[in-house]
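The values are calculated or read from the model by the stated rules, or taken from the named source; none is laboratory data. This is a predicted model, so every value here is computed, not measured. Ideal geometry is used to build each Cβ from the backbone, glycine not excepted, and the neighbour counts take in all protein chains shown. For the accessible areas, the whole protein counts, side chains as well, though only heavy atoms, and no ligand, DNA or RNA atoms are used. Shrake-Rupley method; radii C 1.70, N 1.55, O 1.52, S 1.80 Å.
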Amino acid sequence: NYINKIGWKKNEPCFVEISLSKKTPKKLLNTSAKRLNNKMKFKDLKKYIINKKKYEINDNLVGAIITPDKDIIPGSEKLKPAYIVFENYEKILQWNRSLRFGLAVCTLKNKFSNAL
C-alpha cells in the first residue's frame with residue numbers, strides 16, 4: 001500500500017545490477033543516498049557496462065549509478081558491486097535515505113511483482 005501511495009511506477013524497474021568498465025568516470029559513481037548525482041538516460045549509461053546483456057528497460061528512462069559499499073565496507077572496490085537505479089528506487093529513498101535499504105525494498109518488491 002505504501003509503495004502505491006508514494007507514486008511507484010508499476011511497469012518500470014527499480015534497479016539493475018551491473019558490472020562496470022574500469023573506464024567508468026568516478027564522477028558517475030554515487031556512494032551516498034543523500035542525493036543521486038549525474039543522472040542520465042539508460043542508453044547513455046549502458047556504455048559503461050561490461051558483459052552487456054539484453055536489458056528489457058526503456059533506453060530513455062533516467063537512472064544513476066550507485067556503488068553502495070565503497071564508503072561503508074573497508075577495502076571494497078569502487079566499481080563493485082554496482083547498480084543502475086531508476087525513479088522507483090528514488091521513491092524508496094524518500095522513505096529511508098540508505099542505498100542498501102533501497103536495494104532491499106526493491107528486491108522484496110520484485111518477489112511480489114504480480115501483487116503490487
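A few notes on this one:
- Filtered residues of segment 82-102 (kept if surrounded by 19 or more Cβ atoms within 10 Å (Cβ to Cβ), part of a helix (DSSP H, G or I) and aromatic (Phe, Trp, Tyr)): Tyr89
- In this structure, Val62 does not satisfy being at pLDDT 85 or above and open to solvent by less than 40 Å² (accessible area, probe 1.4 Å).
- Which listed residue, of Lys5, Lys41, Lys47, Lys109, is open to solvent by 60 Å² or more (accessible area, probe 1.4 Å) and at pLDDT below 90: Lys5
- Enumeration of residues in segment 11-44 that are out of contact with any strand residue (DSSP E or B) (no Cβ under 7 Å at 6 or more places or on another chain), in contact (Cβ under 8 Å) with a residue 60 or more places away in the chain and among the hydroxyl-bearing types (Ser, Thr, Tyr): Thr31, Ser32
- For segment 8-30, a residue qualifies if it is within 18 Å of Cys106 (Cα to Cα) and either open to solvent by less than 40 Å² (accessible area, probe 1.4 Å) or of a type outside the set (Asp, Glu) (or both), and the qualifying residues are Trp8, Lys9, Lys10, Asn11, Pro13, Cys14, Phe15, Val16, Ile18, Asn30.
- Just so you know, in segment 50-59 the residues that are open to solvent by 80 Å² or more (accessible area, probe 1.4 Å) and modelled with pLDDT under 90 include one that is farthest from Glu90 (Cα to Cα), and it is Asn51.
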